[in-house]
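**Student:** Here it is, the structure in full.
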Amino acid sequence: MFGYEFANPKYFLILVLLVPMILWYIFREKRSHADLQFSSLKAFRGMKHAGRVWLRHVLFALKVLAIVFLVTALARPQSSNSWQTYTSEGIDIMLALDISGSMLARDFSPDRLEAAKDVATKFILERPQDKIGLVVFAGESFTQCPLTTDQAVLVNLMRDVHSGMIEDGTAIGLGLANAVNRLKDSPGKSKVVILLTDGVNNRGMIAPVTAAELAKTYGIRVYTIGVGTYGEAPYPVQTPFGIQLQNVPVEIDEDVLKQIAATTGGQYFRATDNNKLKQIYQEIDQLEKSKIEVKHFSKKQEQYFWFALIGMLLLIAEGVLRYTVLRKIP
């Protein structure tokens, strides 16, 4: 909001002196006119005052205005463009997404990975006050997007995620450790990892339970989601006759995912279809939120020059009029 602030407002106390100055001027004006007594004022009723009679007060008015502007200049007016400080709800969230080959199974529509990306994108767009980042993992792990409040950038990077970006496998511990590393130095009071996978840890140098202990050390809650139907799921397989769907066993290490959640104070969820996955993200969306203060930005510019200039011009105008147009003849 644009407005004026004053660096030295105490100088406005000088304007109090204008009160006795104005009173003295009024008193002096009343005593400066000679009085004559007439038996009747009928002879003067048609006469009009000359304009110059009233113009004599212009000099005093200019002097008063000049003082007001000069005192305002002393108070150092400053213009500022700022955004108001406000408090909002928010948490720091890292999404750890499994992009291994098994995420192409078709028990979700169109497949597990695309369903997870779609639901996660909606989750991101519904939390504009949060800082959210994205870590992907398969046989290894890397950060697709660090913590950010720029939803557009994060959503675009989410769309670029696809299976085959990195070596295949399921390194749950490595993916979680990467997410924890991104959150551990964050200033946020509440930190959360949402880890989504459809398999069993079979790669990486860090065990999932070890990564969970690391998350606990930094006060990071981990919510784990196992995606996949029970039993078998259709999986696209390349054959001499093109891509065909074959049923493969669904293997999710639920015990490890439950242990990760329990160690860090989070929860474990099982998603067996698209609707269940949406419900899980909606439930996570209702989790506790911590208050964060967004400080306002303020850029100030000194404006005293214009007030001082106007004050000086008024004094000059008063002096010129006093010795020219409104000059008094003794």
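**Student:** Give the long-range amide H neighbours of residue 148: residues separated by 5 or more places, or on another chain, with amide H under 5 Å away, using H modelled in the peptide plane at 1.01 Å from N.
**Tutor:** Excluding prolines and chain starts, which carry no amide H, the hits are 132, 133.
**Student:** Right, another one. Using alpha-carbon pairs under 8 Å, 6+ residues apart, how would you state the relative contact order of region 112-250 in percent?
**Tutor:** 19 percent
**Student:** If you don't mind, there's one more thing I want to ask. Taking R0 as 51 Å, what's the FRET efficiency between residue 167 and residue 302 from their Cβ-Cβ distance, rounded to 0.05?
**Tutor:** Plugging the Cβ-Cβ distance into 1/(1 + (r/R0)^6) gives 0.25.
**Student:** Oh, and also: How big is the C-alpha Rg of region 158-267 next to the rule-of-thumb value 2.2 N^0.38 Å, as a ratio?
**Tutor:** So region 158-267 has a normalised radius of gyration of 1.23.
**Student:** What is the ratio of the Cα radius of gyration of region 71-205 to 2.2 N^0.38 Å, where N is its residue count, to two decimals?
**Tutor:** The reported ratio for this selection is 1.40.
**Student:** What is the calculated FRET efficiency for residue 160 to residue 273, with r their C-beta to C-beta distance and R₀ = 30 Å, to the nearest 0.05?
**Tutor:** The calculated FRET efficiency here is 0.75.
**Student:** Another question, then. Evaluate Rg over Rh across region 193-244, taking Cα atoms for both radii and Kirkwood's formula for Rh.
**Tutor:** In region 193-244, Rg relative to Rh is 1.17.
**Student:** Let me ask something else about it. Please compute the per residue accessible area over region 129-192 with all protein chains in place, 1.4 Å probe, rounded to a whole number of Å².
**Tutor:** Averaged over the residues of region 129-192, the accessible area is 41 Å².
**Student:** Further, regarding this structure: Under 14 Å Cα-Cα from residue 131, which aspartates and glutamates qualify once same-chain neighbours fewer than 8 residues away are excluded?
**Tutor:** 89, 92, 150, 185, 285, 293
**Student:** Please give, to one decimal in nm, the separation of the simple spin-label points placed at residue 285 and residue 106, each 7 Å out from Cα toward the Cβ.
**Tutor:** It is 3.0 nm.
**Student:** Can you give the % of DSSP beta bridges in region 95-189 that are antiparallel, to the nearest 5?
**Tutor:** 55 percent
**Student:** Same structure, new question: For residue 225, list long-range residues whose amide hydrogen, built 1.01 Å from N in the peptide plane, is under 5 Å from its own amide hydrogen.
**Tutor:** Here the answer is 195, 196, 197, 269, since their amide H atoms fall under 5 Å of that of residue 225.
The values are calculated or read from the model by the stated rules, or taken from the named source; none is laboratory data. Source: prediction; values computed, not measured. Heads up, the Cβs are rebuilt from the backbone with ideal geometry, glycines too, and the neighbour counts pull from every protein chain shown. In case anyone asks, the SASA skips ligands and DNA or RNA and just uses the protein heavy atoms, side chains included. Shrake-Rupley method; radii C 1.70, N 1.55, O 1.52, S 1.80 Å.
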